[in-house]
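Since the structure comes first, as structure tokens, the remarks are kept for the end.
The values are calculated or read from the model by the stated rules, or taken from the named source; none is laboratory data. Keep in mind the model is a prediction, meaning the values are calculated, not measured. FYI the Cβ positions are ideal-geometry reconstructions off the backbone, even for glycines, and counts take in every protein chain you see.
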Amino acid sequence: MTTILLAIVIGAAFGAVLDRIGASNPNYIGKMLNLTDLNLAKTILLAIGTGSVLMFGGQMAGLVDVGHMSVKAAYAGVFIGGLMLGAGWALAGYCPGTGVVAAASGRKDALFFIAGGLVGAAAYMVTYPAWKASGLLNSFAGGKVTLGTVPGAGYDGLTALPGDLLGIVLGLGFIALAFALPERLLPQKPAAQPAE
Amino acid sequence: MPLNWKAGGLLLGLVFFLAVLLVKPIGVSTQFVILDGILADAVNPQLVTQTADGYTSTNAYLAKSDGKYAKAIANPLNYSFVFVLAMALGGLLSAKLRGGITGAERSVHALWRANFGDSPAKRYAAAFLGGFIVLYGARLAGGCTSGHMMSGMMQTALSGYIFAAGAFAAAIPVSLMLFKKEA
């Protein structure tokens, strides 16, 4: 029962924050991806950095259970699937989580996104054996690995560097990147001048 | 207007940290499979079946990893599924508190209107197609923006970096091609 309560509290907090940062607003996703407003990218970078520093810092202080980490496997399909997700994300302006939040916040197009997503997930369920047979789901570079070796995590490290320290350094790097990134990368198009 | 990136980023990072502190890293896209499974199992109860030591399915994807997905389908009141339902609740309350989303924006957002006009049908078709590609890709990759990009890179997972590289390598060119006019 406690876990269900935690699911409700953390899930609701996540949904509310996604709404408040504009991640479930397809205008902000579109402006981030067409490089005209990078505020959301700065938000995401700062979030990854903050999460990383807190988690690895907490582990080193003995306050965070290393066993809660859950590292996914690396395989060629991760990159191919990432390409697909990216293309659909740009077209729709939603990813799985933000689509759910957008639909709940009253965006009707997000309901169509969810419907398409359910059909897409079902299509993957049906075609999974072909991907499995293709070998593209076979782990490479050690599969479930972290960049450094995190003490006690039970995952191999890609390098022998201390994974918790590396996590803090990379986390600080993400935070620095959030500050360094300009608010837009593409120059503003000149406004149409009225005829003389 | 959304929160500025400093406040928003700290809050979002805090939520990802709390999730891993209290339970496990956040992920969403698997739950589309679980909902599909719940619906399909309601139509065809033979899809997910109980075995001596757990659950299995006639679908190879649902049966993989010792029937982990089959088990979640048989028991929808589990952490990850309830988590996504609660996300909807949190999004709904937050949007209501700031006045809700009104008018044409509810069906066709401003950036889309500036580039493709105000036909809801066209926008809905694009959103459906986008949803299909996003979830097919997320399942192929084994995670989405939450699970791979945010939770994964936060944990320094190699897979998170590979996923993010793929996602942005496609998303930025596609967006530059589609959305040339600014709203």
Output the residues belonging to segment A:1-38 that are more than 22 Å from A:Asp109 (Cβ to Cβ) and surrounded by 23 or more Cβ atoms within 10 Å (Cβ to Cβ).
A:Ala7, A:Ile10, A:Gly11
Would you confirm whether or not segment B:95-114 contains a residue that is modelled with pLDDT of 95 or more, β-branched (Val, Ile, Thr) and over 21 Å from the mean Cα position of the chain (by Cα)?
no
What are the pairs with Cβ atoms under 9 angstrom where one residue, in segment B:129-155, is more than 7 Å from every other protein chain (Cβ to nearest Cβ) and the other, located anywhere, is surrounded by fewer than 24 Cβ atoms within 10 Å (Cβ to Cβ) and of a type in the set (Lys, Arg)? Sequence gap at least six, or different chains.
B:Ser151/B:Lys24
For segment B:40-54, check the following and say yes or no: at least one residue is closer than 27 Å to A:Leu111 by Cα, surrounded by 18 or more Cβ atoms within 10 Å (Cβ to Cβ) and either in contact (Cβ under 8 Å) with a residue 40 or more places away in the chain or within 7 Å of another protein chain (Cβ to nearest Cβ) (or both).
no
Within 21 Å of the chain's Cα centre (by Cα), over 29 Å from B:Ala95 (Cα atoms) and either modelled with pLDDT under 95 or crowded, with 17+ Cβ neighbours inside 10 Å (or both): is that true of A:Tyr94 in this structure?
no
In segment A:46-80, how many residues are among the aliphatic types (A, V, I, L, M), crowded, with 21+ Cβ neighbours inside 10 Å and more than 7 Å from chain B (Cβ to nearest Cβ)?
1
Hey, can you tell me all the residues within segment B:1-16 that are at the interface with chain A (Cβ under 8 Å from one of its Cβ atoms) and assigned to a helix (DSSP H, G or I)?
B:Trp5, B:Lys6, B:Gly8, B:Gly9, B:Leu10, B:Leu11, B:Leu12, B:Gly13, B:Leu14, B:Val15, B:Phe16
Every residue from segment A:136-155 that is crowded, with 17+ Cβ neighbours inside 10 Å and either more than 23 Å from A:Ala76 (Cβ to Cβ) or without any contact (Cβ under 8 Å) to a residue 24 or more places away in the chain (or both)
A:Leu147, A:Gly148, A:Thr149, A:Val150, A:Ala153
Filtered residue count, segment B:17-32, keeping only those that are within 15 Å of the chain's Cα centre (by Cα) and not in a loop (DSSP other than H, G, I, E, B)
3
Any residue at all in segment A:106-126 that's of a type in the set (Lys, Arg), surrounded by fewer than 24 Cβ atoms within 10 Å (Cβ to Cβ) and either within 22 Å of B:Gly160 (Cα to Cα) or within 7 Å of chain B (Cβ to nearest Cβ) (or both)?
yes
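Here is a yes/no grid of residues against (1) within 29 Å of A:Ala16 (Cα to Cα); (2) surrounded by 18 or more Cβ atoms within 10 Å (Cβ to Cβ); (3) hydrophobic (A, V, I, L, M, F, W, C):
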{"residue": "B:Leu97", "(1), (2), (3)": "yes, no, yes"}
{"residue": "B:Thr102", "(1), (2), (3)": "yes, no, no"}
{"residue": "B:Tyr124", "(1), (2), (3)": "yes, yes, no"}
{"residue": "B:Ala127", "(1), (2), (3)": "yes, yes, yes"}
Just to be sure, is B:Leu77 at the interface with chain A (Cβ under 7 Å from one of its Cβ atoms), within 16 Å of A:Gly99 (Cβ to Cβ) and surrounded by fewer than 19 Cβ atoms within 10 Å (Cβ to Cβ)?
no
